[in-house]
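Please treat every number below as a calculation from the coordinates, not as lab data. All figures in this text were calculated on a predicted structure; none of them were measured in a lab. Positions of Cβ are backbone-derived with ideal geometry, glycine not excepted, and every protein chain shown enters the neighbour counts.
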Number of protein chains: 2
Amino acid sequence: MSLPFGLLGLLNRSPMAGYDLKKIFDDSINFFWSAQTSQIYRELNALEKKGYVVSEIKPGDKGPDKRIYSITEEGQSGLKAWLLDVPDDIGEDNRNAFLLRVFLSSNVGIDELIFQMQKRLRKYKKDLQRLELVKSRLSEYAQMPDKERELPYWKITLSRGFHDVESHIKWAEESLAYLQSTREETT
Amino acid sequence: MSLPFGLLGLLNRSPMAGYDLKKIFDDSINFFWSAQTSQIYRELNALEKKGYVVSEIKPGDKGPDKRIYSITEEGQSGLKAWLLDVPDDIGEDNRNAFLLRVFLSSNVGIDELIFQMQKRLRKYKKDLQRLELVKSRLSEYAQMPDKERELPYWKITLSRGFHDVESHIKWAEESLAYLQSTREETT
DNA sequence: GAATTCATGTAACTTGTTACATGATTTA
DNA sequence: TAAATCATGTAACAAGTTACATGAATTC
């Protein structure tokens, strides 16, 4: 299970509340991992029971009180152990609900697929824009003192994001060209 | 939920048993969708309750009896409705457990990441080989009478698979080059 | 004063995974 | 005759999603 270690990794940079973690997920990590607030609070609870984090209620500078979580030494060694033990078969979850529809699209025909693929292409282009945003956020953060050490890892992470979106855009464009050409054949 | 419609789509080509469906998943669909046998049987049951499929026990030509599932008319219109109603936000599940580790690898250092990335690259190359296998299986199947109609959809589906693996291989190679160069900098 | 954001949670549900049980048939 | 494959399932669990509840503080 990856999520608790994701949380642990973020808390290892600095203590924070569940709400803060959620925001980091939403605006930086989102392109390779996501989590619901309910799930985050649930996992933080489990981590505390395990002794990997401790929490303490503090008044928020603005807004209501916060329960601030900090990583413990056990948490740090747990995180490291997890990072060093990489099972061979872990990885991207390949489930692609759109591709399943493409695969079955003989049931609705080429015109419909062209229509859906055009929508998809627009979506991929939006994804690219969002990634650019993430990029600027990360490079800002990396300029803070003591953070530049993390830069190479973030660069590689982000780069995966760009490779991914770009490959989607290329695929959608190629597919559209191909579909249009087979459509003309039949005409 | 996509899985039941995946099953429905396959049953719409020809009636078959849960075991047969599992095999198709494992050796053709695997690169964009996967399912456990237990899940398949569970969903087939639900589909039957819903009236989307009917089943009938038939003696297997070799081996034990089979429960053969056939799609009903309701099932066919359910499938079509699903294919025509594409929510904007569906799509690839981006969760990438390996990338999460990369993102947090400042905790274990560059050498460790290089080691892991090399293993990953080998895995991606194996993925590429498996895709070639899928490709040959699909093109065989598409040569059967009445099946050539599905060819364009399968080509596009497979093409996504190749774009995906290739983008992973490129990323891993670039990342390794980058990591090696930053390692020499520090030396 | 109303709407939005901040902040933490609970409950119920859905989807996916793991482990196990069973028994027939086929191949080595 | 032992091992592998064929075939169908059940039970328990893990992970992720959706819906809801609550209330304070801030912004419009």
Rounded to a whole number, the Stokes-Einstein D of the stretch A:144-187 in µm²/s (Kirkwood radius over Cα pairs; 37 °C; 0.692 mPa s) is 248 µm²/s
Percent of all alpha-carbon pairs of the stretch A:60-187 at distances over 24 Å, whole number, is 57 percent
Sparse-neighbourhood loop hits (trypsin sites (Lys or Arg not before Pro), the stretch A:1-90; DSSP loop; Cβ within 10 Å at most 12 others) -> A:62
Here the correct list, in nm and shortest first, of distances from residue B:149 to the same site in the other copies, label points 7 Å along Cα→Cβ, is 6.3
For residue B:53, other-chain or 5+-apart residues with amide H closer than 5 Å (H placed, Pro excluded) are B:48, B:72
The long-range amide H neighbours of residue B:30, using H built 1.01 Å from N in the peptide plane and a cut-off of under 5 Å, are none
Which of A:22/B:119; A:22/A:147; B:22/B:135 exceed 29 Å between C-alpha atoms? The answer is A:22/B:119
Long-range share for the protein assembly as shown, i.e. C-alpha pairs more than 34 Å apart as a percent of all pairs, stands at 38 percent
Copies of residue B:34 compared via label points 7 Å along Cα→Cβ give distances in nm, shortest first, of 2.1
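Going from the alpha-carbon gyration tensor of the stretch B:1-106, what semi-axes, largest first and in whole Å, does one get by taking the root of 5 times each eigenvalue?
Equivalent ellipsoid semi-axes, largest first: 31, 19, 10 Å.
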For the stretch B:97-186, averaging the sequence separation of alpha carbon pairs under 8 Å that lie six or more residues apart and dividing by its residue count, the contact order in percent is 44 percent
Mean separation of Cα contacts under 8 Å (at least 6 apart) over the residue count of chain A, i.e. the relative contact order in percent, is 20 percent
If one compares the long axis through the Cα atoms of helix B:151-186 with the longest principal axis of the Cα atoms of chain B, the angle in degrees, nearest 10, works out at 20 degrees
If one compares the long axis through the Cα atoms of helix A:110-142 with the longest principal axis of the Cα atoms of chain A, the angle in degrees, nearest 10, works out at 30 degrees
Quick calc, the stretch A:3-84, dipole around Cα centre from Cβ unit charges on Lys, Arg (+) and Asp, Glu (-), nearest 20 debye, gives 60 debye
Rounded to a whole number, the mean other protein chain Cβ count within 10 angstrom for residues of A:155-166 is 6
To the nearest 10 degrees, the tilt of helix B:73-84 (Cα long axis) against the first principal axis of the alpha carbons of chain B is 30 degrees
